[in-house]
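Each remark here refers to the structure printed beneath this line.
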Amino acid sequence: MINIKTAILGLWFMVTLVVALGSSILKNKVQVLERRLATINGDIQKDIASIHVLNAQWSFVNTPERLRKLAYEQLSLENAKPEQIINYSALHFNYENETAPSAARTNKKNLTTLVNAEVKKK
């Protein structure tokens, strides 16, 4: 009888030891994963802050006043003058016979005449 009691007691001791060891290993794995999660969440927060800064910089860089100033300084662009604008209704294109080569020559001639007339007005 003593041997059976000892065997049962030893079995319970082994089961308790296995459960304690398993829970210890599981606890360590959970702690590692929680630290990893905290690091990832910290990186996400840093990325969100960086995105906010980049959006603010983008808004500043793309302000119309700044772009207008840069275009004038770097490209020497100025506002369009009324005489530079051609009204499309003034263009005399023959769209009825668009595939014919003579129509293309006529349209090119009409456009050249119109542009030359605009240049002479200046």
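Please work out which residue is farthest from the chain's Cα centre (by Cα), limiting yourself to the stretch 54-79 and to residues that are among the aliphatic types (A, V, I, L, M) and surrounded by 10 or more Cβ atoms within 10 Å (Cβ to Cβ).
As a first pass, look at the stretch 54-79 and keep what is among the aliphatic types (A, V, I, L, M): 54, 56, 61, 67, 70-71, 75, 77.
With the extra rule that they be surrounded by 10 or more Cβ atoms within 10 Å (Cβ to Cβ), the set shrinks to 54, 56, 61, 67, 70-71, 77.
On the way: LEU54: 11, ALA56: 14, VAL61: 16, LEU67: 21, LEU70: 24, ALA71: 25, LEU77: 29 Å.
By that ranking, first place goes to LEU77.
Okay, residues lined up against (1) at pLDDT below 90; (2) not polar (S, T, N, Q):
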{"site": "LYS5", "(1), (2)": "yes, yes"}
{"site": "GLY22", "(1), (2)": "no, yes"}
{"site": "LYS29", "(1), (2)": "no, yes"}
{"site": "GLU34", "(1), (2)": "no, yes"}
{"site": "ASN41", "(1), (2)": "no, no"}
{"site": "ASN55", "(1), (2)": "no, no"}
{"site": "PHE60", "(1), (2)": "no, yes"}
Original post:
exposed (fewer than 10 other Cβ atoms within 10 Å of the Cβ), among the small types (Gly, Ala, Ser) and without any contact (Cβ under 8 Å) to a residue 60 or more places away in the chain, is that true of SER50?
Top reply: no
Subject >> Total residues in the stretch 64-83, condition within 27 Å of LEU111 (Cβ to Cβ), at pLDDT 80 or above and of a type in the set (S, T, N, Q) >> reply: 0
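The values are calculated or read from the model by the stated rules, or taken from the named source; none is laboratory data. Just so we're clear, the structure is a prediction, and the values are computed from it rather than from any experiment. As a convention, Cβ positions derive from the backbone with ideal geometry for all residues, glycine included, and neighbour counts pool all protein chains shown.
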